[in-house]
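Quick note: the coordinates plus some simple rules give every number you see, no bench work behind them. Predicted model, so just to flag it, every value in this text is computed and none were measured. Here Cβ is always computed from backbone atoms with ideal geometry, including for glycine, and neighbour counts include all displayed protein chains.
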Amino acid sequence: MADTTEFELVSPARLLKSEQVEMVVVPGGDGDIGVLPGHSLLISTVRPGVIDIHEGGKVRESIFVDGGFCEVSPERCTVLAESAIAVGDLDKSEADARLSAANEALSSAEEGGKAAAESEVKKAEAMVAAANAA
């Protein structure tokens with residue numbers, strides 16, 4: 001069995017990352033998904049959070065994603081993300097401003113728009129948490 005698996009991160013605009021990794025941890029819709037070489041087939045939603053790429057038993061790179069979908073096979077993990085940014089590039093003040101704006105939008109949202117506003121609050125909360133952890 002191989003000691004790495006292919007990891008691909010794709011945005012609506014382009015392929016952001018394609019590389020061999022020892023392990024990747026994806027924020028799945030029902031909990032974190034640790035993907036190692038030979039992983040069983042899986043399709044999952046991706047919640048807003050941080051993808052961690054591991055090498056040598058340590059996190060080598062962390063990437064914030066707004067959500068999306070993940071497909072895993074024994075040879076590959078592909079994440080289709082709405083947007084992605086390196087955790088080190090997150091701006092704490094921008095994340096805080098995004099959360100404030102999302103909370104304001106939620107408080108003034110009409111009944112039909114509450115779900116979208118709640119989703120934006122969750123994304124902003126995850127971004128603030130990632131920015132504060134960096």
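Of note:
- Spin-label model, Ala13/Asn103: points 7 Å from Cα along the beta carbon direction are separated by 3.0 nm.
- Rounded to the nearest 10 degrees, the angle from helix 92-108 to the longest Cα principal axis of the chain is 50 degrees.
- Region 34-50 residues near the modelled Glu75 label - backbone nitrogen below 12 Å, point 7 Å along Cα→Cβ: 38
- Per residue Cα convex hull volume in Å³ - calculated over region 5-87: 75
- For the chain, calculated [θ]222 nm from helices alone, where every DSSP H run of n ≥ 4 adds -39500 (n - 2.57): -9500 deg cm²/dmol
- Against the main long axis of the alpha-carbon atoms of the chain, helix 114-133 sits at an angle near 60°.
- Over region 91-133, the Kirkwood radius and the radius of gyration, each from Cα atoms, give a ratio Rg/Rh of 1.03.
- Taking only the Cα atoms of region 43-134, the radius of gyration and Dmax are 14.9, 49 Å.
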